[in-house]
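Accompanying notes for the structure given below.
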Amino acid sequence: MLEGSRRGRHSSYRLAHAAASLAIGGHWILTATATARPWDGQWALVAFTLPQEHSAQRRALRGQLRWLGFAPLHDPK
């Protein structure tokens, strides 16, 4: 998400491709919290399995699920 650049002894960083993601996330936060509905008694459960060699994808999926409001039922190690 950060893009670094250097000119002589000076380094700087800027948000490269994060602006669109942050805008989408901010919009989701505003709309999701503005129209809070009472719980309908339904649960949503997401189960997935990925092989050990796909650990990067597993971490990314867990991060996306957390962003959507899901939480692990156990401590994933």
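The values are calculated or read from the model by the stated rules, or taken from the named source; none is laboratory data. Keep in mind it's a predicted model, so treat the numbers as computed, not measured. Neighbour counts are summed over all protein chains in view; Cβ atoms, including those assigned to glycine, are modelled from backbone coordinates with ideal geometry. In case anyone asks, the SASA skips ligands and DNA or RNA and just uses the protein heavy atoms, side chains included. Shrake-Rupley method; radii C 1.70, N 1.55, O 1.52, S 1.80 Å.
Tell me the mean residue ellipticity at 222 nm calculated for the chain from its helices only (DSSP H runs of n ≥ 4, each -39500 (n - 2.57), averaged over every residue, nearest 500). Walk me through the numbers on the way to the answer.
On the way: 2 runs with 30 residues, N = 77.
Calculated mean residue ellipticity at 222 nm is -13000 deg cm²/dmol.
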Are there chymotrypsin sites (Phe, Trp or Tyr not before Pro) in the stretch 1-43 that DSSP marks as loop and that have at most 15 other Cβ atoms within 10 Å, and which are they? TRP39, TRP43
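Expressed as a rounded percentage, what relative contact order does the chain have, with Cα pairs under 8 Å and six or more residues apart?
Numbers: 22 pairs, mean separation 10.6, N = 77.
Relative CO of the chain lands at 14 percent.
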Would you calculate the separation in nanometres between label points at ARG58 and ALA34, each defined as 7 Å from the Cα along the Cα-to-beta-carbon direction? 3.9 nm
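Within the stretch 3-70, what whole-number % of the accessible surface is contributed by carbon and sulfur, with the 1.4 Å probe and all protein chains included in the calculation? Walk me through the numbers before you get to the answer.
Details: 3740 of 6380 Å².
Answer for the stretch 3-70 is 59 percent, counting heavy atoms of protein chains only.
In terms of the Cα gyration tensor, with a ≥ b ≥ c the square roots of its eigenvalues, is the chain rounded because a/c is under 1.5, prolate because a/b exceeds b/c, or oblate?
Values: a/c = 3.90, a/b = 1.47, b/c = 2.65.
Since a/c reaches 1.5 but b/c is at least a/b, the shape of the chain is classed as oblate.
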